[in-house]
Ligand SMILES: [Ca+2]
Ligand SMILES: [Ca+2]
Ligand SMILES: [Ca+2]
Ligand SMILES: [Ca+2]
């Protein structure tokens, strides 16, 4: 049965968006943890309430098919840590008598086992072949746990790029819940349009901040050359780095002075007691290495005063409890820094930026803490608080890639783990305006774009296993005051 889409909280922005994009229905679907691009899709509610699945939405264009999966609880889609066992079945020839059986659905040429991270494709002769989510270009968002997820499945790489044959599909959970499109449907053949994001600094930017996990390659010749090209194309003012523990601040400063020389002198580089550094065009006037695996520093921008930038590299993988403790520790630090008194004192409306490789997989409770100030272990780390100066939450930037509508920042094509957004920028949007934001994957850039920015297609993975993430920021104009002046850049 069909219902109007149940996402009331997006309705207002969706209406606005629809008004803006009227007549451009081929706009690309964005795999970005923002579901406003689903506003025109009628989702199918699950009749059986025995499990976590609530509804399923489906959409297609000439490059991909898309699923919107809504659950009644937080799910980590590519893990079984919260049981769901979601499978997507595609009957690619619209013939129920050929292919695999998935619960009450027959005829699937392709079955995507999301929670177990593999794809079974039917071969002629009745056998199946197993591939990874990466090989089948199954992309999803968000990477951390949530109740709603969007999934994209590439058509070309899975052999139905040019097919006009009607297909059928089904989504099933291990609860036995299942939603199926039983009547064959024809896929859209419209190519999605994704205007590339300029690498140029947005007008009015006061600080271009970047975060990058450097994968301990800073002393290797080929990665150095790729890092140089990427940084020269991006021209950040401030860089929060992780996995640079084997190198000295002086070494990194000398590299930055070579790659992005400043007319005024040297870069300022501060290193903590973990694997983090912050590099800045402006002086770093205070540092806080005492926060574990997170490195807040105070940067004196001159005309726009002090800003606090925190480079972070939270515990990876199945260390969700440790990530939570680390998030609690940082938020306790921020609460004390924003309050009057204590060891650190930020003047009112000092901009706070937090980012890096947060390794945010699993349920993602630690992200909830970082965004909202809801501290998990209050006995140890103190009371909850509002982490923005206007009493609200922090904002997680989308970080879409410049040249394809994906938000992942980590990809290992030989891994069972799918392309993931591990690298984040969180800001106080009560103080800061976001003028630009992207992740840079050179592999998906066309030749003209690569030439324009002096990049090579292989630069991203040559430099690191993580993409650089970038934001252009400026302070809000406060009501009744003059517009914020553009910062004078030191170079
Ligand atoms: Ca989206
Ligand atoms: Ca079939
Ligand atoms: Ca709490
Ligand atoms: Ca806010």
Query raised in the report: Any idea which residue in segment 223-236 is surrounded by the most Cβ atoms within 10 Å (Cβ to Cβ), counting only those that are more than 22 Å from residue 355 (Cα to Cα) and out of contact with any helix residue (DSSP H, G or I) (no Cβ under 6 Å at 6 or more places or on another chain)?
Result: 224
Query - segment 50-83: number of residues that are in a loop (DSSP other than H, G, I, E, B) and either without any contact (Cβ under 8 Å) to a residue 60 or more places away in the chain or closer than 23 Å to residue 154 by Cα (or both) - result: 8
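For (1) in contact (Cβ under 8 Å) with a residue 24 or more places away in the chain; (2) under 24 Å from the mean Cα position of the chain (by Cα); (3) part of a strand (DSSP E or B); (4) not assigned by TED's automatic domain parsing to the domain that holds residue 57, each residue gets a yes or a no:
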| position | (1), (2), (3), (4) |
| --- | --- |
| 163 | yes, no, no, no |
| 227 | yes, yes, no, yes |
| 236 | yes, yes, no, yes |
| 240 | yes, yes, yes, yes |
| 246 | yes, no, no, yes |
| 254 | no, no, no, yes |
| 257 | no, no, no, yes |
Requested in this report: Could you tell me whether segment 259-271 includes any residue that is touching a helix residue (DSSP H, G or I) at 6+ places or on another chain (Cβ under 7 Å), surrounded by 20 or more Cβ atoms within 10 Å (Cβ to Cβ) and in contact (Cβ under 8 Å) with a residue 40 or more places away in the chain?
Outcome: no
Query raised in the report: In the list 451, 402, 393, which residue meets the criterion of being within 14 Å of the chain's Cα centre (by Cα) and either more than 16 Å from ligand 1 (Cβ to nearest atom) or not assigned by TED's automatic domain parsing to the domain that holds residue 301 (or both)?
Result: 402
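Could you grab me the full set of residues in segment 302-341 that are assigned to a loop (DSSP other than H, G, I, E, B), surrounded by fewer than 21 Cβ atoms within 10 Å (Cβ to Cβ) and at negative phi? Break it down stepwise before answering.
Of segment 302-341, the ones assigned to a loop (DSSP other than H, G, I, E, B) are 302-305, 314-319, 339-341.
From what is left, the residues that are surrounded by fewer than 21 Cβ atoms within 10 Å (Cβ to Cβ) are 302-305, 315-319, 339-341.
Those that are assigned to a loop (DSSP other than H, G, I, E, B), surrounded by fewer than 21 Cβ atoms within 10 Å (Cβ to Cβ) and at negative phi: 303, 304, 315, 316, 318, 319, 339, 340.
Does residue 78 fit the bill of being within 16 Å of ligand 1 (Cβ to nearest atom), at pLDDT 95 or above and out of contact with any strand residue (DSSP E or B) (no Cβ under 6 Å at 6 or more places or on another chain)?
Numbers: within 16 Å of ligand 1 (Cβ to nearest atom): no; at pLDDT 95 or above: yes; out of contact with any strand residue (DSSP E or B) (no Cβ under 6 Å at 6 or more places or on another chain): yes.
It is false that residue 78 is within 16 Å of ligand 1 (Cβ to nearest atom), at pLDDT 95 or above and out of contact with any strand residue (DSSP E or B) (no Cβ under 6 Å at 6 or more places or on another chain).
Pick from 31, 75, 81, 88: which is within 16 Å of ligand 2 (Cβ to nearest atom) and under 22 Å from residue 364 (Cβ atoms)? So that I can check it myself, show each step before the final result.
Working: 31 fails: within 16 Å of ligand 2 (Cβ to nearest atom); 75 fails: within 16 Å of ligand 2 (Cβ to nearest atom); 81 fails: within 16 Å of ligand 2 (Cβ to nearest atom).
Going through 31, 75, 81, 88 in turn, just one is within 16 Å of ligand 2 (Cβ to nearest atom) and under 22 Å from residue 364 (Cβ atoms): 88.
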Query raised in the report: If you go through segment 401-419 one residue at a time, do you hit one that is in contact with a helix residue (DSSP H, G or I) (Cβ under 8 Å, 6 or more places away or on another chain), under 24 Å from residue 307 (Cβ atoms) and either crowded, with 17+ Cβ neighbours inside 10 Å or free of Cβ contacts under 8 Å to residues at least 40 places away in the same chain (or both)?
Result: no
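For residues that are without any contact (Cβ under 8 Å) to a residue 40 or more places away in the chain and within 16 Å of ligand 4 (Cβ to nearest atom), tally how many sit in segment 352-393. Before the answer, list the steps.
At the first step, the residues of segment 352-393 found to be without any contact (Cβ under 8 Å) to a residue 40 or more places away in the chain are 368, 372, 374, 378-379, 384, 386, 391-393.
Now narrow it down to the ones that are within 16 Å of ligand 4 (Cβ to nearest atom): 368, 372, 374, 384, 386, 391-393.
Residues flagged as without any contact (Cβ under 8 Å) to a residue 40 or more places away in the chain and within 16 Å of ligand 4 (Cβ to nearest atom) within segment 352-393 amount to 8.
The values are calculated or read from the model by the stated rules, or taken from the named source; none is laboratory data. Being a predicted model, the structure only gives us computed values, none of them experimental. Don't worry about glycine lacking a Cβ; one is built from the backbone with ideal geometry, like all the others, and counts go over all protein chains shown.
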